[in-house]
1. Go over the candidates 92, 78, 101 one by one and state the one that is in contact with a strand residue (DSSP E or B) (Cβ under 9 Å, 6 or more places away or on another chain), exposed (fewer than 14 other Cβ atoms within 10 Å of the Cβ), over 16 Å from residue 23 (Cβ atoms) and in contact (Cβ under 8 Å) with a residue 12 or more places away in the chain.
């Protein structure tokens, strides 16, 4: 007797778990747009979102509070080193934030779109 379909292990030709979201910040929208342009035109990111935010943090023992732009980047894990290098090269911050978060859920159609947008 064959196993019911639900009990068979799923085969995944493409792992959606390889998708990541990289977050960074910039001082201005112009800087964010420049980094986005570098990443998208360089085919290192499928999509880059930019949004003004207010940030409060400790810096050199003092509380800092200012406006900046959050940059959210959709890409694949394999491109993280190049994405990070592009951010570090183009950031004006002394200590740029570059954080990668794994995507734990994503529609197959959106994941496939990310894959088609980024290339080595």
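1. Working: 78 fails: in contact with a strand residue (DSSP E or B) (Cβ under 9 Å, 6 or more places away or on another chain); 101 fails: over 16 Å from residue 23 (Cβ atoms).
Being in contact with a strand residue (DSSP E or B) (Cβ under 9 Å, 6 or more places away or on another chain), exposed (fewer than 14 other Cβ atoms within 10 Å of the Cβ), over 16 Å from residue 23 (Cβ atoms) and in contact (Cβ under 8 Å) with a residue 12 or more places away in the chain holds for just one of 92, 78, 101, which is 92.
To keep it simple, each residue is scored yes or no on (1) buried (at least 17 other Cβ atoms within 10 Å of the Cβ); (2) in contact (Cβ under 8 Å) with a residue 12 or more places away in the chain.
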residue: 22; (1), (2): yes, yes
residue: 30; (1), (2): no, no
residue: 45; (1), (2): yes, yes
residue: 48; (1), (2): yes, yes
residue: 62; (1), (2): no, no
residue: 71; (1), (2): yes, yes
residue: 85; (1), (2): no, no
residue: 105; (1), (2): no, yes
residue: 112; (1), (2): no, yes
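Every read-out reported here was derived from the displayed coordinates using simple, explicitly stated rules and does not represent laboratory data. Quick caveat, the model's predicted, so the values are computed rather than measured. Backbone-built Cβ (ideal geometry, glycine too); neighbour counts: all protein chains shown.
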